[in-house]
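Take a look at the structure below.
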Amino acid sequence: MAELSKIVSFLDQTLGVKKIQDHSLNGLQFEGTHDVKKVACAVDACVPSFRKAADQGAQLVLVHHGLLWSHRPIQPFKGGLKKALGVLFEDDLSVYAAHLPLDLHAKYGNNALLCCLLGLRKQRRWGEYDEVKLGYWGELPREEKVAAIARKLSLNLCASPKILAYGKQRAKKIGVVSGGGGYAVQEAVELGLDLLITGEIKQHEAVVARDEGLSVIAAGHYATETLGVKAAAGLLQEKFGVKIVFVDAPTGV
């Protein structure tokens, strides 16, 4: 068993949540019971995640996409938000959110872990968003077929990657930006990358990729952002001896 306050302080410091500007109100977003025996990790703060966490006997839910965002207007407590808060109150669950901190982190971040999964070398920061470079680009030891890279992502992320084969069919220089990283298409072209791997890409971004001859793998916004919360939860297990569980609530995006 661990104290909630100690877990929060540890995550704040380890992930650097107070140092990173973000639209998400990162850190403890909802305070439940102070004694934590089990931590559930999830991509989204939502009704299915909270219900599954409660069913699994968790006291704390660690999420990537939280409940509170500075760029969203204050919402009345009705509809889906009312349902989500109802589960938290009923089961005395706490919610801790880490958005950009779990994209950026050099060891526990989504992008660093995707690079590790792919075996990218000579990694460098890129993918600037709101003046912050979220992703990494690097090189494979040797060229690989884009289709083979997509299969590797499919197996490791339990995803169904979509290949937009607008350019090269084999890749060595690869850029990775988890989640909605389609905004980095033009930067990928300027860097001379062979392939962009992201979660999802918008229509106008795909048009640019096609015109520029850049191949893209869209592996799923949800799927590419499962790695960070799992890694952070594993760190809590190691540090505090709490039990952990990943609660899967995919959106299909």
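Given the conditions (1) in contact (Cβ under 8 Å) with a residue 60 or more places away in the chain; (2) within 18 Å of Ala231 (Cα to Cα); (3) of a type in the set (A, V, I, L, M, F, W, C), report the number of the one that Ala112 does not fulfil. (1) is the only condition that Ala112 fails. Assessment of the range 191-199 against the conditions (at pLDDT 95 or above and in a helix (DSSP H, G or I)) yields at least one matching residue.
Tell me the residue from Phe77, Phe89 that is surrounded by fewer than 15 Cβ atoms within 10 Å (Cβ to Cβ) and touching a helix residue (DSSP H, G or I) at 6+ places or on another chain (Cβ under 9 Å), please. On inspection, the qualifying residue turns out to be Phe77. One residue alone among Glu212, Glu187, Glu200 is in contact with a His (Cβ under 7 Å, 6 or more places away or on another chain) and either in contact (Cβ under 8 Å) with a residue 24 or more places away in the chain or among the aromatic types (Phe, Trp, Tyr) (or both), and that residue is Glu200. The criterion of at least 2 residues that are in contact with a strand residue (DSSP E or B) (Cβ under 7 Å, 6 or more places away or on another chain) and small (Gly, Ala, Ser) is met by the following helices (runs of 4 or more DSSP H) wholly inside the range 101-168: 146-157.
Once the range 216-253 is narrowed to residues that are surrounded by fewer than 22 Cβ atoms within 10 Å (Cβ to Cβ) and of a type in the set (Asp, Glu), the residue that is farthest from Leu62 (Cα to Cα) is Glu238. Of everything listed in (1) surrounded by fewer than 16 Cβ atoms within 10 Å (Cβ to Cβ); (2) in contact with a Pro (Cβ under 6 Å, 6 or more places away or on another chain), the single unmet condition for His204 is (2). Mind checking which residues of the range 160-201 are β-branched (Val, Ile, Thr) and either buried (at least 18 other Cβ atoms within 10 Å of the Cβ) or closer than 18 Å to Trp126 by Cβ (or both)? Answer for the range 160-201, where residues must be β-branched (Val, Ile, Thr) and either buried (at least 18 other Cβ atoms within 10 Å of the Cβ) or closer than 18 Å to Trp126 by Cβ (or both): Ile174, Val176, Val177, Val185, Val189, Ile197, Thr198, Ile201. Just one of the numbered conditions (1) within 20 Å of Ala112 (Cα to Cα); (2) in contact (Cβ under 8 Å) with a residue 60 or more places away in the chain; (3) of a type in the set (A, V, I, L, M, F, W, C) is not true of Ala218: (2). Looking across the range 223-253, the residues that are in a helix (DSSP H, G or I), in contact with a Gly (Cβ under 9 Å, 6 or more places away or on another chain) and more than 23 Å from Ala165 (Cβ to Cβ) come down to Leu227, Gly228, Ala231.
The values are calculated or read from the model by the stated rules, or taken from the named source; none is laboratory data. This one's a predicted model, so the numbers in the text were calculated from it and none came from an experiment. Because the Cβ atoms are built from the backbone with ideal geometry, glycine has one as well, and the counts that use them run over all protein chains shown.
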